[in-house]
Structure formats: C-alpha cells, structure tokens
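The values are calculated or read from the model by the stated rules, or taken from the named source; none is laboratory data. On a predicted model such as this, the values are computed, not experimentally measured, just so you know. No Cβ is skipped: glycine too gets one built from the backbone with ideal geometry, and neighbour counts run over all protein chains shown.
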Amino acid sequence: MAQDGHPTLGIGMVGYSFMGAAHSQGWRTAPRFFDLPLAPEMRVLAGRNADAVTAAADRLGWRDVETDWRRLVARDDVDLVDICTPGDTHAEIAIAALEAGKHVLCEKPLANTVAEAELMVAAAEAAAERGVLSTVGFTYRRVPAVQLARQLVVDGRIGTIRHVRAQYLQDWIADENVPLSWRLDKTKAGSGALGDIGAHIIDLAQFITGESITGVSGILETFVDERPIATGFSGLSGTAGTEKGPVTVDDAAVFLARLTGGGLGVFEATRFAYGRKNAIRLEINGSRGSVAFDFEDMNVLHFFDASDDPQVAGFRRIVVTEPQHAYIASWWPAGHGLGYEHAFTHQAVDLVRDVAAGTQPTPSFADGLAVQRILEAVERSAASDSDWQQI
Ligand code: SOE
C-alpha cells in the first residue's frame, strides 16, 4: 500500500540512457498529476555497470539497482518491467519478463526483426491469458494534438482518407564527424532512420487513420558510411575518437504506401535534414477535410473543414491546451502548453490504468509487429530497387 492508500505497482526498468531518463520522468510524474488506481513505485533500475547504474538511479529516482536484468525480472517487488535498451535485447528481456508474470512496456521499435517480434507477440498472447499485459512505446500517440487528430477522423470530420503525408526529420548526425553510436549499428538497432524514427510515423499514420498499410515501395540511403568511433556517449551526443568504423544502417528512408481504405501514403524518415530537430509532420487529407500536425509545434493541430463557407474557409490553428482535450485537464490552465516529456507521463498513466482494470493496453505487441512487418517490407523493397512489397 502506498502512502495515499492505493495499492502499489512495482516498476523495474532496464536501461537508463535517453529513453530511460524520459520513462523515469513519466513514472515519477504520473502519480503526482493524475489520479491513479495504483501507485507506481520506481523500485529497481538495471544496467551492466555498477557505478553508472547507481549514479543513474540516484539521478533519476530509482530506489535500488541490479547489474543483471535477469535478477530484476526475478524480483518479487517488480510487477512491471520497462525495457529501455537497444532493440537487440528487447525480445529476450520481454519474453523472460512475460514468462515471469511481469507486465511489460517495451521501447520501440518492438524488435530488430519480424521473427523476434513474432516470438514476442506469442509470449504476450500467452501471458495475456494469465492477466499479464504488454505494450510498446509508440509514445507520440499520447500527444494531445495527435489524440485530437484521431478523434476528428473517428468523428468523420475529414471523411474517407485519400492521402497521408508523413515525415520524421532530424539532423543530429548530418555532420559526418558525429561519432558512431548503437543507433548506427545494425546488429544493435536493426535499421537506421527507418526503424528508429520511421517506425513512429508508420505507427502514427495507422493510429490516426485507423487503417493499415497494405503495401510499400521504398528506397534507403546511407550518406556517410564511416564515422569516428566514440570514446564516450551521453544520450544522442558522443565524443569522437581518432579511429573510424562503419555505419551499418540507413541514414534516410523514403517510401510510398497504400492504405486499407484506398488512400495513398508518402513517408520520409531522415537524420540529415539540417535545421529540423524533431519534426514529426503528418498531413492527412480526406474527402471532407484535412488535419496537419508538426511536433515542433506540438500543442497545435491544423484542421481544414471542406464544408466551411469558401469565403472564410482555411486551416484552423487549434491550440490543443483546453481541459476538454485529452490529458490536459490534469495539467496547466489553457494555453500553458505541454512538452516532449509529457507524452511519457501519459504513457505511464494509461498503462497503470490498464493494469488496474486488466484491460489490454494500446499499442499492443501485435501493433508493434505490424509496424515491424512494414519496416521489413521497406527494406526488401529497397534491396530489390523499390519493387512493390505486399505486407
Ligand atoms: C533518436 O532518433 C530518437 O531518440 C528516437 O530514438 C526516439 O524514438 C525519438 O522519439 C526521438 O529521437
């Protein structure tokens, strides 16, 4: 029982870099701003280096540490395992945790391959029969403006989906002297811009439209195929050493897609868009209107209603900070805005509520597998000179 009288939910987290810090912020803040049926307690943080994991636990607010994730998974005081490690470890940790009866939140992309993701889905389905739940961290779904876009589609306000234009633009490796990190290593990350950030826009496009991508044709490019080996890393920035090593993933991915409802999609994911830091841009055009979103102005959704009087019709700039908007009532007065970290709090809030209610969280591992199939189809297409690939 927590001090507030609610039963507790013991959280154990594996990994403590950029995503680990963001998830920690989410767990810490969720019970302070939202009324939750269970009190999440940040009990154990796991990492291989004892000094580093201890320092991270102190900084991020974790009570105890383990230097082997297997010990974390085996602990009786851990009810939910939060996986914030590179993709090559997701399947092993998630499956072990689910088999040990722990709920799982796994960072995206779900895995590095479709085969691994299929094993994870099988483990998740078996666990669900025992009331053990799992979800994948496509966190941008939980931005209030994205929720509003979804709501407008559900309410039929933009009609039948004709076009999805989706971009995820960053520039953090545009400088060829930025050193290698695990995100540029295929054995650790699975793919490059495609899986790291392309996965987000695939998920967002399918989430907002409520449709699935049925086929793709794509190309991938690696602009800088050798980089300095890093001597130290923190988050996305590293210190370049004098030796060089190979980049084994794509720097950019571009693909066309078809959707179940007959609409067309154009997707672009790159880390070479100088000046664009975290620009997740989606514009969706339907038979009755359009919605447009850019994460670099994340509190805003643009909405065009084709039934408006043409004399005054135009994109409405909706500031998504009213208490009627998703999640906002628990935060600040209208107009005061949210930031990057808030979606991680929403993720923790939704997951705690689902665990308390015993309901399947979204996105599920099956949703993560669906994204993985699209990533792999884009890679197949790129390898065969952009041949059309059915999903
Ligand atoms: C790096 O490109 C990164 O941290 C991604 O791994 C995250 O998923 C994205 O949200 C922000 O950028």
| query | From the list Ala189, Ala166, Ala145, which residue is buried (at least 20 other Cβ atoms within 10 Å of the Cβ), within 16 Å of the ligand (Cβ to nearest atom) and within 19 Å of Arg276 (Cα to Cα)? | reply | Ala166
| query | Within the range 244-257, is there a residue that is touching a Phe, Trp or Tyr at 6+ places or on another chain (Cβ under 8 Å) and at positive phi? | reply | no
| request: Sort through Ala252, Ala279 and tell me the only one that's surrounded by 19 or more Cβ atoms within 10 Å (Cβ to Cβ), under 29 Å from Gly15 (Cα atoms) and within 16 Å of the ligand (Cβ to nearest atom). | output: Ala252
| task | Could you figure out which of (1) in contact with a Lys or Arg (Cβ under 7 Å, 6 or more places away or on another chain); (2) aromatic (Phe, Trp, Tyr); (3) within 11 Å of the ligand (Cβ to nearest atom) isn't true of Phe207? | result | (3)
| request: Pick out the one residue from Val266, Val291 that is assigned to a strand (DSSP E or B), away from the ligand (no atom under 16 Å from the Cβ) and touching a helix residue (DSSP H, G or I) at 6+ places or on another chain (Cβ under 6 Å). | output: Val291
| request: Determine, yes or no, whether Val224 is among the β-branched types (Val, Ile, Thr), in contact (Cβ under 8 Å) with a residue 40 or more places away in the chain and either touching a His at 6+ places or on another chain (Cβ under 7 Å) or in a loop (DSSP other than H, G, I, E, B) (or both). | output: yes
| Condition met for Ala273 (among the aliphatic types (A, V, I, L, M), touching a residue at least 12 places away in the same chain (Cβ under 8 Å), within 16 Å of the ligand (Cβ to nearest atom) and in contact with a Pro (Cβ under 9 Å, 6 or more places away or on another chain)) | no
| task | Hey, can you tell me all the residues within the range 100-117 that are within 16 Å of the ligand (Cβ to nearest atom) and assigned to a strand (DSSP E or B)? | result | Leu105, Cys106, Glu107
| field | Condition broken by Val216, with the remaining ones in (1) crowded, with 22+ Cβ neighbours inside 10 Å; (2) more than 15 Å from the ligand (Cβ to nearest atom); (3) within 30 Å of Asp79 (Cβ to Cβ) satisfied | value | (3)
| note | Taking the range 361-391 and keeping only residues that are in contact (Cβ under 8 Å) with a residue 24 or more places away in the chain and either assigned by TED's automatic domain parsing to the domain that holds Ile201 or small (Gly, Ala, Ser) (or both), one is left with Ser364, Ala366, Gly368, Ala370, Ala377, Ser381, Ala382, Ser386
| How many residues does the range 171-185 hold that are more than 15 Å from the ligand (Cβ to nearest atom) and either part of a helix (DSSP H, G or I) or of a type in the set (S, T, N, Q) (or both)? | 1
| query | Tally time: how many residues in the range 34-78 are within 28 Å of Ser330 (Cα to Cα) and over 22 Å from the mean Cα position of the chain (by Cα)? | reply | 15
| query | With (1) surrounded by fewer than 21 Cβ atoms within 10 Å (Cβ to Cβ); (2) closer than 27 Å to Ile318 by Cα; (3) among the hydrophobic types (A, V, I, L, M, F, W, C); (4) within 14 Å of the ligand (Cβ to nearest atom) as the list, and Val154 as the residue in question, which single condition is left unmet? | reply | (4)
